[in-house]
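Worksheet: one structure, shown below.
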Amino acid sequence: MSRLYKFPALWLADYLQSLNQLGVPMRIDPDKSMIVAEESGQVLFKLILPLSWRPIYNDFTSCEQKSFLFTMLLMEAGRASIGQFYYDLNSVTCKSHTTVRKYMVRKGQGKAQLTYLKTKGKSRYGARLRMQESKKFFEEISLKLTSSEHESSKYLFYHAPVRLFSTLEDELVTDLPFLSYSIGADCKESSFKEMLRLSTEPFYARLYVEECCVGIPDPPEYQKIKVNLKK
């Protein structure tokens, strides 16, 4: 069984340098944004890079620690939260946020109209209304993400069902002006409060150390990344 260590991206560059001194062969898995150390065909540890590192690393020590803006999107059927944040070393500040709500789920069924139409006809008024609301839902999110307010963002970090996000991409009039990455953490609901909680997830590294691995440098201690609201 492996041990998990989670620490801020701020300390990752220094820790990578200490790992390099081990003399253990390490390779980058670009598909999973992960560094893997192996010896005699046995995995010793895996280091999951922060989401913010994905598009910029090309070796073990490359790092971009500059401050930057990013956009977050949490989306579920009929409800979405969108916010722009500013990352500065070990803190995140919410600069703006908005929510979008539409009638997309059939009352008592808990099923989005996009899915419901696969099993039922769409001639009824309620179905037509939900389809209209669904279209408005994606249009509003699309307009918001491609607005001048978010054009300065470097990344989009999102949490959404695959079907909903692919539908959003189809509705976009223009391509998103930033790189998009899915947040792997659990999301309870697409609320502003939950968006604040998840806004720090892209800036954590995760180290999985196997029991057979000995002599590895102690990883940095877990430290909570501060979240601020713009006054």
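The values are calculated or read from the model by the stated rules, or taken from the named source; none is laboratory data. The model shown is predicted, which means the values in this text are computed figures rather than measured ones. Counting neighbours? That spans all protein chains shown, and the Cβs are built from the backbone with ideal geometry, glycine included.
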Please go through segment 146-167 and give me each residue that is of a type outside the set (Ser, Thr, Tyr) and within 24 Å of PRO50 (Cβ to Cβ), ordered by number. HIS150, GLU151, LYS154, LEU156, PHE157, HIS159, ALA160, PRO161, VAL162, PHE165
Scan segment 3-29 residue by residue and report those that are assigned to a strand (DSSP E or B) and within 24 Å of the chain's Cα centre (by Cα). ARG3, LEU4, TYR5, LYS6, PHE7, PRO8, ARG27, ILE28, ASP29
Considering only residues that are at pLDDT 90 or above and touching a helix residue (DSSP H, G or I) at 6+ places or on another chain (Cβ under 6 Å), which ones fall in segment 93-137? HIS97, VAL100
Filter result (surrounded by 11 or more Cβ atoms within 10 Å (Cβ to Cβ) and among the acidic types (Asp, Glu)) within segment 201-231: GLU201, GLU210
Just for segment 1-15: of the residues that are touching a Pro at 6+ places or on another chain (Cβ under 9 Å) and among the hydrophobic types (A, V, I, L, M, F, W, C), which one is nearest to LEU207 (Cα to Cα)? PHE7
